[in-house]
Amino acid sequence: MRKFVFAEDEAIADVAIDVEATSLNELFIGCAEALMHLMIENTEEIEDKKEIKIEEKANSYYLLLYKFLNDLIYYKDAYRLIFSRFSVRIDGKKLRATCKGDELGKKYKQIIDVKAVTMHNLYIRRKGKKYFAHFVVDV
Amino acid sequence: MELKKISNVVWEIEKGYKEGMLVPARIIGTEEIINNLDKEVFEQITNVATLPGILEYAIALPDAHSGYGFPIGGVAAMDLERGVISPGGIGFDINCSVRLIRTNLRVDEVKPRIKELVDTLFEEIPVGVGAKSDVKISKAEFLEMLKYGGKWAVEKGFGTEKDLDNTELKGTFEDADPRFVSQKAIDRGIAELGTIGSGNHYLEIQYIPEGGIKDEEVAKKLGFEEGQVFVMFHTGSRGFGHQVASDYIEKILSASKKYRIKLYDRELAAVPFNSKEGEEYYKAMGSAVNYSFANHQIVMHKTRKVFEKIFKSEWEKLGMEQVFAIAHNRATIEEIELNGKKMKVLVHRKGATAAYPKDHPRNPKITKNIGIGSLALIGGSMETGSYVLYTLDSSSTFFSTVHGSGRTMSRAKAKSQINGKDLFESMLKRGIYVKSASWSGLAEEAGFAYKNIDMIAEAIEKAGISKRLIKLLPLGNIKG
């Protein structure tokens, strides 16, 4: 289970996002879904025509999230790929993800272009059985 | 927190306010601006004051609003020998710039064709999410472009030498070295060269309204008249600059531990300018500066071609010369005088532009020739207009001035208050035709989400830093 909300007034020029999930893997998926939802209105209509694999390493979960989300932005800019289905496996300091989606095109309603995930107030926390992430994107 | 009034437009937070502050913070603005300032700016500018090697003051200009690490509208000068460089003090969109092109067209000639003109510009210049470049470039050429920037673009036929004369640094950041940029940055850069992007990036057709000339004598010398049409656009180094920033923020965050730099915010990650990491970032940043210069030349070239098509005349005959191009996200080495001694410093400007007095060696031809300080292009919201200023005495801000109007409201809040289509209709009734990649993106940029640009221009003039030259109002706009 995972859910996300866009925080109203934290980042005046940009957008802050809060994500909650019941596992770390789900949390990363929720963050990726929020990122896509910010850019594309009808993410539920993104078809599974392309698949990419992402592997990253980092000393902390927040850096792993920073790298993962910035990789998704890279694929959007360099290859015009957007995604709607993700599987993520975090094993210690390593992340392995499979992302399925399609090329940007007129059938996908663009909202705003995210250019980077920032380190500003970026965190991952665990409270009991729930995981929380917070990040701000540059648009 | 006590805000000490230094003058009617200069306010100071003393260095005892926060542990680690090495210098005071100074905020420039009228009482009204200060009272309405986003409070996070005070925290962010005092965090900047903790960075090693910072000189005199950490400065927030009248258009300041909170950013990440540095506030937008923030300026910090670092001692070159013992000071740091911080990617957060430069921003993600490295060398994000505003460019102004004049025309000899009159508002009455353009108004009847504004829809056709804006629609064609929208078709020819890629904007929006995943805007795709139509510039064919090999990797080898791309690396050349990263070394030479605007000069490369002019050699490839995108503009003229005269454009470079009126571009900061003549369109080339000489310390650029593409060996220090990642393959990811190169991939993103190739895909987006010659595009505008989205967010607050735009291309706007503007004119000088009645009463829009604020300094008759200087306007006359520059050939500016009421009713004259201009093109202003705002874009930068696109995903390339963002990738350079993302790559180096991560590297420098890790390296700052090695140099024992205490950080009050991860986005203030910094390393000594005189270090391997500092040098590599500076050279990579320079490559992004050059990308931005080239990107601007290409967008300007496309704009000129659209005008040729619509008005069936060569762009030269339409008088489409570049007035000036100026960036607001860059670190630049400047020579300053401090306590009677000349010294070189690294000036971080994030959401702030360079502003050189009339006798400064970096004052470009267009203003040097008529005996005034360099121009600053202050982009306002798409509803309220923009200003062109010229520099008076900018020594107190390390040769820096304002860059725009600055947001007062989040994008989400703006969208909750107006629908993009309603905004479009309302602007159309007021004679402004906008073409946007999305209604949602349009709503986010509504005029009420920005500070009053007249107040910003008035404040910087009261501070004696820049003087209002002309005001420009929008006729048409393309947005991502």
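The values are calculated or read from the model by the stated rules, or taken from the named source; none is laboratory data. Since this is a predicted model, take the numbers as computed values, not measurements. We place every Cβ from the backbone using ideal geometry, glycine too, and count neighbours over all the protein chains shown. Note: areas computed on protein heavy atoms with side chains; ligands, DNA, RNA excluded. Shrake-Rupley method; radii C 1.70, N 1.55, O 1.52, S 1.80 Å.
Tally time: how many residues in segment A:76-97 are in a strand (DSSP E or B) and either surrounded by 18 or more Cβ atoms within 10 Å (Cβ to Cβ) or at positive phi (or both)?
Matching residues across segment A:76-97 total 9.
Could we say that B:TYR390 is within 11 Å of chain A (Cβ to nearest Cβ), surrounded by 18 or more Cβ atoms within 10 Å (Cβ to Cβ) and either within 25 Å of B:ARG102 (Cβ to Cβ) or not acidic (Asp, Glu) (or both) here? Against the criterion (within 11 Å of chain A (Cβ to nearest Cβ), surrounded by 18 or more Cβ atoms within 10 Å (Cβ to Cβ) and either within 25 Å of B:ARG102 (Cβ to Cβ) or not acidic (Asp, Glu) (or both)), B:TYR390 does not qualify. Scanning segment B:414-423 for residues that are open to solvent by 30 Å² or more (accessible area, probe 1.4 Å) and either aliphatic (A, V, I, L, M) or in a helix (DSSP H, G or I) (or both) yields a total of 6. Do we find a residue being open to solvent by 30 Å² or more (accessible area, probe 1.4 Å), assigned to a helix (DSSP H, G or I) and within 11 Å of chain A (Cβ to nearest Cβ) anywhere in segment B:260-274? Yes.
Scanning segment B:31-57 for residues that are within 22 Å of the chain's Cα centre (by Cα) and either part of a loop (DSSP other than H, G, I, E, B) or under 12 Å from B:VAL347 (Cβ atoms) (or both) gives B:LEU37, B:ASP38, B:TYR57.
Residues of segment B:337-356 being farther than 23 Å from B:ASN369 by Cα, part of a strand (DSSP E or B) and in contact (Cβ under 8 Å) with a residue 12 or more places away in the chain, which ones?
Selection gives B:GLU337, B:LEU338, B:MET343, B:LYS344, B:VAL345, B:LEU346, B:VAL347, B:HIS348, B:ARG349, B:LYS350.
Candidates in segment B:386-413 are the residues that are β-branched (Val, Ile, Thr) and assigned to a loop (DSSP other than H, G, I, E, B); of these, the one that is modelled with the lowest pLDDT is B:THR408. Looking at B:THR408 and the list (1) under 24 Å from the mean Cα position of the chain (by Cα); (2) more than 14 Å from every other protein chain (Cβ to nearest Cβ), which single condition is not satisfied? It is condition (2) that B:THR408 fails.
Taking segment B:301-320 as the range and being buried (at least 18 other Cβ atoms within 10 Å of the Cβ) and part of a loop (DSSP other than H, G, I, E, B) as the test, the residues that pass are B:TRP315, B:LEU318, B:MET320.
Which condition number does A:ASN70 fail, the rest of (1) crowded, with 19+ Cβ neighbours inside 10 Å; (2) at pLDDT below 95 being met? Only one criterion is unmet by A:ASN70, namely (2). Taking segment B:73-122 as the range and being open to solvent by 40 Å² or more (accessible area, probe 1.4 Å) and part of a loop (DSSP other than H, G, I, E, B) as the test, the residues that pass are B:GLU81, B:ARG82. In segment B:90-98, the count of residues that are away from chain A (no Cβ under 14 Å) and hydroxyl-bearing (Ser, Thr, Tyr) is one or more.
Search segment A:34-61 for residues being open to solvent by 20 Å² or more (accessible area, probe 1.4 Å) and at the interface with chain B (Cβ under 9 Å from one of its Cβ atoms), and hand back the single one that is nearest to A:ASP91 (Cα to Cα). Top of the filtered list is A:ASN59.
Keeping to segment B:414-429, report how many residues are touching a residue at least 24 places away in the same chain (Cβ under 8 Å) and away from chain A (no Cβ under 14 Å).
Summing the residues that are touching a residue at least 24 places away in the same chain (Cβ under 8 Å) and away from chain A (no Cβ under 14 Å) in segment B:414-429 gives 2.
Checking A:ILE73, A:ILE17 one by one, the residue that is outside any strand (DSSP E or B) and within 21 Å of B:ALA412 (Cβ to Cβ) is A:ILE73 and no other.
Filtering segment B:452-480 to residues that are open to solvent by 10 Å² or more (accessible area, probe 1.4 Å) and either in a helix (DSSP H, G or I) or charged (D, E, K, R) (or both) leaves B:ASP454, B:MET455, B:GLU458, B:GLU461, B:LYS462, B:LYS467, B:ARG468, B:LYS471. With the requirement that a residue be touching an Asp or Glu at 6+ places or on another chain (Cβ under 7 Å) and either in a strand (DSSP E or B) or open to solvent by less than 10 Å² (accessible area, probe 1.4 Å) (or both), what does segment B:199-209 give you? Selection gives B:GLY199, B:ILE208.
Just name the residue that is farthest from the other protein chains (Cβ to nearest Cβ) out of those in segment B:158-197 that are among the polar types (S, T, N, Q) and open to solvent by less than 10 Å² (accessible area, probe 1.4 Å).
Among them, the one singled out is B:THR167.
Just the residues that are more than 30 Å from B:GLU192 (Cβ to Cβ) and touching a residue at least 40 places away in the same chain (Cβ under 8 Å), please, taken from segment B:212-236.
Step one: list which residues in segment B:212-236 are more than 30 Å from B:GLU192 (Cβ to Cβ), which gives B:212-228.
Within segment B:212-236, B:GLY212, B:ILE213, B:LYS214, B:ASP215, B:VAL218, B:ALA219, B:LYS221, B:LEU222, B:GLY223, B:PHE224, B:GLY227, B:GLN228 qualify.
Could you please let me know if B:ILE249 is within 24 Å of A:ALA116 (Cβ to Cβ), within 14 Å of chain A (Cβ to nearest Cβ), open to solvent by less than 10 Å² (accessible area, probe 1.4 Å) and outside any strand (DSSP E or B)? When the stated conditions are applied, B:ILE249 passes them. When segment B:367-380 is examined, which residues are found to be surrounded by fewer than 24 Cβ atoms within 10 Å (Cβ to Cβ) and assigned to a loop (DSSP other than H, G, I, E, B)? Selection gives B:ASN369, B:ILE370, B:GLY371, B:ILE372.
For first residues located in segment A:39-63 and more than 16 Å from B:SER254 (Cβ to Cβ) and assigned to a helix (DSSP H, G or I), partners that are open to solvent by 20 Å² or more (accessible area, probe 1.4 Å) and of a type in the set (Ser, Thr, Tyr) and lie 6+ apart or on another chain with Cβ distances below 6 Å form the pairs A:THR43/A:SER84. Across segment A:105-139, the number of residues qualifying as more than 8 Å from every other protein chain (Cβ to nearest Cβ), assigned to a strand (DSSP E or B) and charged (D, E, K, R) comes to 4.
B:GLY150 fulfils the conditions (1) away from chain A (no Cβ under 14 Å); (2) open to solvent by 10 Å² or more (accessible area, probe 1.4 Å); (3) within 21 Å of the chain's Cα centre (by Cα); (4) not charged (D, E, K, R) except for a single criterion, (2).
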